[in-house]
Amino acid sequence: MTEYQHEQMEALELVAGHLSGLKAADIDALKGKLADYLCFRRDVDTFLSTHFSDICTETCYQSRISACCTREGIITFFADVAVNVIMSDEIAIQALFSVLRSPQEGSKCIYLGEKGCLWQVKPLVCEMFLCEKAEDAVLKINQDLQNEWHMLKKREKTFRWPDQIVLFDELEQLFLDAGHSSPLMYLHNSPGLLRVKKAVGRKQ
Ligand code: SF4
């Protein structure tokens with residue numbers, strides 16, 4: 001198991017273990033907390049599938065020139081893991097454990113299965129990634145779509161950029177308060193993100 005797999009496994013075990021001890025009403029309350037974020041994710045999905053599915057199919061699946069889903073190439077926030085586990089059933093969670101326990105081969109992300117990503121709500125960095133070819137083919141030639149994408153990027157920051165109280169910070173805090181910690185809790189351990197909090201007078 002690589003260090004990356006180990007770190008991912010630890011976070012997954014931590015979240016799954018904590019959630020398994022909660023009552024159904026507490027899980028429902030957590031799901032309620034995610035409502036705005038999941039709405040944002042649906043809007044991004046719609047934008048991408050409407051405007052990018054042709055270019056992505058051609059680039060990634062037909063000619064196999066792909067910058068997406070490279071091996072250990074993504075930053076996973078702790079909140080990504082939490083959101084995904086909250087929104088996954090047991091079968092989906094066990095599928096993640098299974099790939100993380102397996103030896104990693106090839107140059108692609110360990111979570112990339114035959115039918116695509118194994119996450120139910122994939123990491124935010126993955127969701128917002130557009131390769132240069134896709135940006136050039138779709139956004140560069142259409143100012144309206146550029147503006148729409150820009151607005152989605154602005155909305156993205158309201159969930160993960162800690163110059164204000166954001167969902168990703170709140171989810172880390174919730175697990176910290178329950179006595180858990182993880183190296184993936186970047187909103188509490190990344191020097192850069194802590195500087196952002198400090199600059200606006202937020203508690204770190
Ligand atoms: S979308 Fe899924 S398979 Fe692709 S890099 Fe992200 S986690 Fe890995």
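The values are calculated or read from the model by the stated rules, or taken from the named source; none is laboratory data. Values in this document were obtained by computation on a predicted structure and should not be read as measured data. Reconstructed Cβ throughout: ideal geometry from the backbone, glycine too, with neighbour counts over all protein chains shown. When the accessible area is computed, the model is the full protein with side chains, heavy atoms only, and any ligands, DNA or RNA have been set aside. Shrake-Rupley method; radii C 1.70, N 1.55, O 1.52, S 1.80 Å.
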#### Entry: Surface accessible to a 1.4 Å probe, per residue, for the residues of the range 3-199, Å²
55 Å²
#### Entry: the chain: most fluctuating residue of ILE75, ILE27, ILE91 per GNM, C-alpha cutoff 10 Å
ILE91
### Query
Quick one: if you stick a label point 7 Å off each Cα along the C-beta vector at ASN147 and LEU194, how many nm between them?
4.2 nm
### Message
Heavy atoms only, 1.4 Å probe, whole protein assembly: order PHE52, PHE77 by accessible area, highest first.
### Response
PHE77, PHE52
### Message
Can I get the semi-axes of the range 1-129's equivalent ellipsoid? Compute them from the C-alpha gyration tensor as square roots of 5 times the eigenvalues, in angstrom, largest first.
### Response
26, 21, 11
### Query
Can you give me the relative contact order of the chain as a percent, contacts being Cα pairs under 8 Å and 6 or more apart?
26 percent
### Message
With 26 Å as the cut-off, how large is the P(r) tail for the range 59-204, expressed as percent of Cα-Cα pairs?
### Response
38 percent
### Query
Rounded to the nearest 500 deg cm²/dmol, what is the calculated helix-only ellipticity per residue at 222 nm for the chain, with -39500 (n - 2.57) per DSSP H run of length n ≥ 4?
-17500 deg cm²/dmol
### Query
Given a 1.4 Å probe and the protein chains all in place, what does the accessible area of THR50 round to, in Å² to the nearest 10?
90 Å²
### Query
Tell me, what % of the accessible area of the range 84-203 is carbon and sulfur with a 1.4 angstrom probe?
53 percent
